[in-house]
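Right, one structure below, let's go through it.
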Amino acid sequence: MKILLKDMLCVIDDKAVRSDIYINGGTILAVGEKPLDFIADKIISGRDRLAIPALINCHTHSYMSVFRNIADDLPFNEWLFDRIMPLENIIDSSDAYWGCLLACIEMIRSGTSTFCDMHMFPNTTPEAALKSGMRAVVTRGLSGGGGDTGGSRRINEAIAEIEMFSGEELLSFMIAPHAVYTCDREYLLKAVKLAEKLSLPLNTHLSESAFEVSSCISENGLTPVGYLDSLGFFRQKTLAAHCVHITEEDMDILAENSVSVAVNAKSNLKLGNGIAPVKRLLEKGVNICLGTDGAASNNSLNLFSEMNFNSLLHKGISGDASAVSAADVFSFATENAANALGIEKTGKIKAGYKADIAILDTSCPQMQPMNNPVSALCYSANGGEVVTTIINGKIVMEDRVLTEIDEQEVYYNIERIKKKLKEKR
Ligand SMILES: [Zn+2]
């Protein structure tokens, strides 16, 4: 399908430019001058519209949307081990699938094209992503070793899922040992070996809580970052979520090994885990991207909120109003995120790049006057301005109507799961 975004204000390299955007299939064919023989199948008017590269969520657990607002105001260990894990034993794959689709609706509605998902129900994330039209990096969470006998099964499930969906254009994969506190040494090494064998990046939770760090130091004599480094983990391209409790030395290790860090500011605060040192990581040259984490610990998957929060938070704690600028957080949610996920030619509105574009309505008070679109995206927008989301050249939401997902069917099933969880928990 050929789409023309006509005379539209666009965010290109942090600047606002009024231009035409020509889309052919999954690619942005041209920005500005009309390509020869281009006849649009569809024209979207740029009147009162702002086009941005669609946002990219680098850390979530989409199935957890079924647990939204179910376990709040609890410390991390109690939240995870006493509340969330027992709930995970109540839901089945079908429930997880509906949770993923609910997450996809929320992400598409707030201008997100791509998500990196750590899941535990085989095939549910790929199936939901394919249904929704979203781009996804699928990572089967792996835990094992010690007394846990399910580790091998989880690895086999990860391999089977990768084999089953590897031909899908919108899907890619990482190998995801869940964390140093849920995988023993041998199991972590097994996961690294698998990533090397399949030439896939690694994805893990890292230094999320103070407890994780103190127990890793007492068991291994090293911080979680130092420990993974000692295992050769970072020889493989790595995306690490959180990195809240990290030392200067840890940051040097992350920078030297080009580890990307997915910051989940709201989730970390909500669980009382603290604040990742984003300003310092930036100074060290670490590639930073944004994650929402799951809806059980945020409790939303809205990257506009995350951009806003990250920028304000680091100004506040550093006392430096220039720290973590609007342009910084916008890059975290677009270009940096594409780098972190290894998805080439994504995260910019540029000829030859993937046609992943979110279009916002600017005819609302919080977007007027449009003095600086990047500032508006970070400080004024709430995500509800997104009217149209295009992913890989396909319009998955047009004028706020989802084209691929039957929303009412999803909400019906989510209500059913809510009742089931209420009865069984
Ligand atoms: Zn997580």
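The values are calculated or read from the model by the stated rules, or taken from the named source; none is laboratory data. Here the structure is a predicted model, which is why all the values come from computation and not from measurement. Neighbour counts run over all protein chains shown; Cβ positions are idealised from the backbone, glycine included.
What strands (runs of 3 or more DSSP E) lie completely within the stretch 108-225 and have 3 or more residues being farther than 26 Å from D252 by Cβ and assigned by TED's automatic domain parsing to the domain that holds A295? Don't jump to the end; show me each part of the working.
Working: elements: 112-119, 135-142, 171-177, 202-206.
So the answer is 112-119, 135-142, 171-177.
Assess whether G285 counts as being among the small types (G, A, S) and more than 16 Å from the ligand (Cβ to nearest atom). So G285 passes the test. Elements of the type strands (runs of 3 or more DSSP E) sitting completely within the stretch 28-95 and holding at least 1 residues that are in contact with a Lys or Arg (Cβ under 8 Å, 6 or more places away or on another chain) and within 14 Å of the ligand (Cβ to nearest atom): there are none. Does the stretch 318-333 contain at least one residue that is out of contact with any Ser or Thr (no Cβ under 7 Å at 6 or more places or on another chain), among the β-branched types (V, I, T) and touching a residue at least 40 places away in the same chain (Cβ under 8 Å)? No, the conditions are met nowhere in the stretch 318-333.
Residue-wise test of (1) surrounded by 15 or more Cβ atoms within 10 Å (Cβ to Cβ); (2) closer than 25 Å to T238 by Cβ; (3) aromatic (F, W, Y).
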{"site": "L313", "(1), (2), (3)": "yes, yes, no"}
{"site": "S322", "(1), (2), (3)": "no, no, no"}
{"site": "S325", "(1), (2), (3)": "yes, no, no"}
{"site": "D328", "(1), (2), (3)": "yes, yes, no"}
{"site": "I343", "(1), (2), (3)": "yes, yes, no"}
{"site": "G347", "(1), (2), (3)": "yes, yes, no"}
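For the stretch 210-231, the condition of being out of contact with any strand residue (DSSP E or B) (no Cβ under 6 Å at 6 or more places or on another chain), within 16 Å of the ligand (Cβ to nearest atom) and touching a residue at least 60 places away in the same chain (Cβ under 8 Å) holds for at least one residue. The lone criterion from (1) more than 16 Å from the ligand (Cβ to nearest atom); (2) within 16 Å of the chain's Cα centre (by Cα); (3) assigned by TED's automatic domain parsing to the domain that holds M85 left unmet by G347 is number (3). Looking only at residues in the stretch 173-190 that are more than 16 Å from the ligand (Cβ to nearest atom) and closer than 20 Å to G146 by Cβ, the one that is surrounded by the fewest Cβ atoms within 10 Å (Cβ to Cβ) is E186.
Counting the residues of the stretch 261-282 that are more than 12 Å from the ligand (Cβ to nearest atom), small (G, A, S) and crowded, with 24+ Cβ neighbours inside 10 Å gives 2. Among the numbered conditions (1) assigned to a helix (DSSP H, G or I); (2) touching a helix residue (DSSP H, G or I) at 6+ places or on another chain (Cβ under 7 Å); (3) within 16 Å of the ligand (Cβ to nearest atom), the only one that L254 does not meet is (3). Looking only at the stretch 90-109, residues that are closer than 13 Å to R416 by Cα and touching a strand residue (DSSP E or B) at 6+ places or on another chain (Cβ under 8 Å) come to 1 in all.
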